[in-house]
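One structure below.
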């Protein structure tokens, strides 16, 4: 397994927009195309990246870095994570989360947040295994969780 992080470019944007999650997750994971539209609207804040295993696109992650945001849990966090159908439980999601955490450290941040929809096919257990802890806050029906960095 040779994983790498890539910026979204004209050469790979169509592949990015074609990435699909497992069918049972479609109602709790935003399509990549929507995430890219949001990134386009917030170029100084959004940090969208693709994860490749060799030459195969396996995941999409988007961090958000807005230290001046009045909502503390939107200052530094994982805004989106989508692992392609058939590729979950292979370490790609963990790689994506750690990439956002590494970027947060480079930016001098010590806390990363994430929000998820409580759902039987949602990512709650995944994020808990990676050290995120619910804060007790709810935003738009989503659980707010945080992870403090070393």
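None of the figures in this text is laboratory data; all of them are computed from the coordinates on show. Just so it is clear, the structure is predicted and the values come from calculations on it, not from any experiment. Reconstructed Cβ throughout: ideal geometry from the backbone, glycine too, with neighbour counts over all protein chains shown.
Some observations on this one:
- Candidates in region 119-139 are the residues that are touching a strand residue (DSSP E or B) at 6+ places or on another chain (Cβ under 8 Å) and assigned to a loop (DSSP other than H, G, I, E, B); of these, the one that is surrounded by the most Cβ atoms within 10 Å (Cβ to Cβ) is 132.
- Subset of region 60-96 [within 15 Å of residue 15 (Cα to Cα), buried (at least 17 other Cβ atoms within 10 Å of the Cβ) and over 9 Å from the mean Cα position of the chain (by Cα)]: 83, 84
- Out of 26, 22, one residue alone is closer than 23 Å to residue 118 by Cβ, out of contact with any strand residue (DSSP E or B) (no Cβ under 9 Å at 6 or more places or on another chain) and surrounded by fewer than 19 Cβ atoms within 10 Å (Cβ to Cβ). It is 26.
- Residues in region 45-86 that are out of contact with any helix residue (DSSP H, G or I) (no Cβ under 9 Å at 6 or more places or on another chain), over 12 Å from residue 4 (Cα atoms) and assigned to a loop (DSSP other than H, G, I, E, B): 67, 68, 69, 70, 71, 75, 86.
- Qualifying positions in region 106-118 - outside any strand (DSSP E or B) and either touching a helix residue (DSSP H, G or I) at 6+ places or on another chain (Cβ under 9 Å) or surrounded by 14 or more Cβ atoms within 10 Å (Cβ to Cβ) (or both): 109, 110, 117, 118
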